[in-house]
Structure formats: structure tokens, C-alpha cells
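Colleague: So that we are looking at the same thing, I have put the structure below in C-alpha cells.
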Amino acid sequence: MTNPVKESFNGESPPSPAAPGAREVPPPAALAAKVRTLSPSMTRSMQRVAEAVADDPAGCAALTVTGLAELTGTSEATVVRTARLLGYPGYRDLRLALAGLAAHQQSGRAPAITTDIAVDDPIGDVVAKLAYDEQQTLADTAAGLDTVQLGAAVAAASTARRIDIYGVGASSLVGMDLAQKLLRIGLIAHAHADPHLAVTNAVQLRSGDVAIAITHSGSTGDVIEPLRVAFDRGATTIAITGRPDGPVSQYADHILTTSTARESELRPAAMSSRTSQLLVIDCLFIGVAQRTYESAAPALAASYEALAHRHSPRTR
């Protein structure tokens, strides 16, 4: 009798059709981005599988599920679980993505440039390395961003009575940027960097309001606390985070995932996370502006007009 469990591990079996409402299988180009984003939340054995497929897609594409398990010192079940966590229904689907990624790399590899910046690097090299890393961060964020979750966040913010935004450190700067954008299209939005004020304002929220928490780590207590209060008060809650499985997710109705870029001594997370956060809030803002265009356009025009004299040459 055929073992159905073993059969599900067979890399040669055809992929099963997606169930109604299932998410789309990530394109090959998104695989490396998914590994970078999700690897920190994986078990060590799953990390070995994820790192292997990201480092050598061509070699892993040639392996059966048993072969990849042996290569990484894990089990067939771990390989399948890793494939599913990365967004693929089964190992067969992951192998197809690996083959596609390998073909893409062979036809046009990314520039052979490291993003690690040394103390004695010439400034020209610093510019090149940072530019390349920023591009990769944006690409990774775009590839991993769940547009269904983004659409739901846009819908909630578009009709919100009030929008509160929480963030500390570098994330507070991103929060202030989002708040001023929303204010200029006529929405009531406030960014709170002070954790005490964030909580006291969250107490005033209710159903129909929106609270947005921005935390790269997903575990910043000063951001999670006001989001929890807003959640308990019935507001729609949104988390913008690089750790979608972090504590902040417990109180988030919608999660927008940012890229988890590599850190180095001279380029801490406060820099790498900011780029991806800015892309996400820009996507959120544009989505809201589209939905509220009839009121947003005149509000934006009025704000431009109010500031126009400040940008004109002064006459004496």
C-alpha cells in the first residue's frame, strides 16, 4: 500500500492545484528575498535548508527531497515544511522555482559586489555598495509584501476617523513621514514617538480608528504596548515589521512585512530597515490617496498653495 505521507514528500510528483483563496506561489526571483526575510524565524534545521537553496539554487534543483535532506543534515519533513513556509505548496514547486532562479542567474547575474563596508573603503566604493544594497532591500521588500494584507490596510486607513502611528528610534522618523503625508491629503493622523503619549492616545481609539505600529524587530515593547491598547479598544491595527512572527503580530489585524537586510558594524538595522519601511508606507499612502482621490486631490492642492510662497524667491 502506498504511503500517502511519503508520497507527499516525493519531489517527482506533480504539484497539487492551489486551493480556492490560496496565495499565489512566489515567483523564482522572490525566493532569495523570502529566505532573507523568514530565515530568522525558522528553526535551525529549516534555516539550513533555506540557506542551501538560496546559496545554490541550481545544485538543489537537481536534488530529490531525500537528497536535499541528506545534504543539509535534516529530514524530508523539514525540507517540505521549509518549502511551505517559503510559500510553495510542496517540494516539487520549490524545485521548479529553484530551476527558474538558476536560469535567471545564469542569464544575468547581479554585480559581484559585497554590501559589507570596511573602515578604509574609498567613498566611491561606499556609494556603490550602499546603492546596491538599497536596491536589493527594495526588491526584497516588494517581492515579499503581501498585497492582500496591504489592500486591507489601505481600505481601513481610507475610512478611518483617526490614524495613530507608533514607532521609536529610526522607526519614529518613518512614522512621522507617514503622518505628514496623510495629513496633507486631509486625513487625521498623528505619529507618537513618546511611549507614554502613545498609550494615552491609544486609550481614546475605538472601532473605526486605525493604529499602525512600526517595529523592525517586531518586539519593541514601547511600540507593542500602545498597539495592544488600540487592539483592545476595537481599532483596526496594522504592524509594519521585519519579523511577522514577532510579538507585535499578536495585536495586529494586518501585517506588512519589510525586508530583513544583513547588518554590519557600520550599517546597523536602523539603516537597513528604514529603506524597506519607507517603501511600505509609500505604498500604503498611495493606496489611500487612490481610494480617497476626490477629497485627497483638493486637500493636497490646498497644502501646496499654502506653502507656495515659502518656495518662491523673496523680493525686497
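The values are calculated or read from the model by the stated rules, or taken from the named source; none is laboratory data. Quantities reported herein were computed from a predicted structural model and do not represent experimental measurements. When we count neighbours, we look across all protein chains shown, and the Cβ atoms used for this are built from the backbone with ideal geometry, even at glycine. What goes into the accessible areas is simple: the full protein's heavy atoms, side chains included, and nothing from ligands, DNA or RNA. Shrake-Rupley method; radii C 1.70, N 1.55, O 1.52, S 1.80 Å.
Colleague: Given the conditions (1) out of contact with any strand residue (DSSP E or B) (no Cβ under 8 Å at 6 or more places or on another chain); (2) without any contact (Cβ under 8 Å) to a residue 40 or more places away in the chain; (3) under 25 Å from LEU138 (Cβ atoms), which single one is not true for ALA189?
Modeller: (1)
Colleague: Given (1) without any contact (Cβ under 8 Å) to a residue 40 or more places away in the chain; (2) closer than 23 Å to GLY246 by Cα; (3) of a type in the set (S, T, N, Q), identify the lone condition not met by SER39.
Modeller: Unmet for SER39, out of (1) without any contact (Cβ under 8 Å) to a residue 40 or more places away in the chain; (2) closer than 23 Å to GLY246 by Cα; (3) of a type in the set (S, T, N, Q): (1).
Colleague: Here's a follow-up. On the given criteria, is LEU94 open to solvent by 30 Å² or more (accessible area, probe 1.4 Å) and either part of a helix (DSSP H, G or I) or at pLDDT 90 or above (or both)?
Modeller: Judged against the criteria, LEU94 is not a match.
Colleague: Moving on. Restrict the check to the range 60-71 and report whether at least one residue is within 17 Å of THR257 (Cβ to Cβ) and either crowded, with 22+ Cβ neighbours inside 10 Å or touching a residue at least 40 places away in the same chain (Cβ under 8 Å) (or both). Can you show your working first?
Modeller: First pass over the range 60-71, keeping only residues within 17 Å of THR257 (Cβ to Cβ): none.
Checked against the condition, which is being within 17 Å of THR257 (Cβ to Cβ) and either crowded, with 22+ Cβ neighbours inside 10 Å or touching a residue at least 40 places away in the same chain (Cβ under 8 Å) (or both), the range 60-71 yields no hits at all.
Colleague: Yes or no: LEU284 at pLDDT 95 or above, touching a strand residue (DSSP E or B) at 6+ places or on another chain (Cβ under 8 Å) and not in a loop (DSSP other than H, G, I, E, B)?
Modeller: So LEU284 passes the test.
Colleague: Still on this structure, I have one more. Looking at THR72 and the list (1) over 21 Å from ASP146 (Cβ atoms); (2) at pLDDT below 90, which single condition is not satisfied?
Modeller: (2)
Colleague: Now for a separate question. Read through the list (1) open to solvent by 30 Å² or more (accessible area, probe 1.4 Å); (2) at pLDDT 80 or above, then give the number of the only condition that TYR88 fails.
Modeller: (1)
Colleague: When the range 142-151 is examined, which residues are found to be of a type in the set (A, V, I, L, M, F, W, C) and open to solvent by less than 50 Å² (accessible area, probe 1.4 Å)?
Modeller: If the condition is that a residue be of a type in the set (A, V, I, L, M, F, W, C) and open to solvent by less than 50 Å² (accessible area, probe 1.4 Å), then ALA143, LEU145, LEU150 are the ones that fit.
Colleague: Could you check the range 123-141 and list, in sequence order, the residues that are surrounded by 15 or more Cβ atoms within 10 Å (Cβ to Cβ) and among the charged types (D, E, K, R)?
Modeller: Listed by number, the residues that qualify are LYS129, ASP133, GLU134, ASP140.
Colleague: Step by step: first the residues of the range 243-281, then only those that are under 10 Å from the mean Cα position of the chain (by Cα) and not in a helix (DSSP H, G or I), then the one that is modelled with the lowest pLDDT. Which residue is that?
Modeller: Ranking the qualifying residues of the range 243-281, first place goes to THR260.
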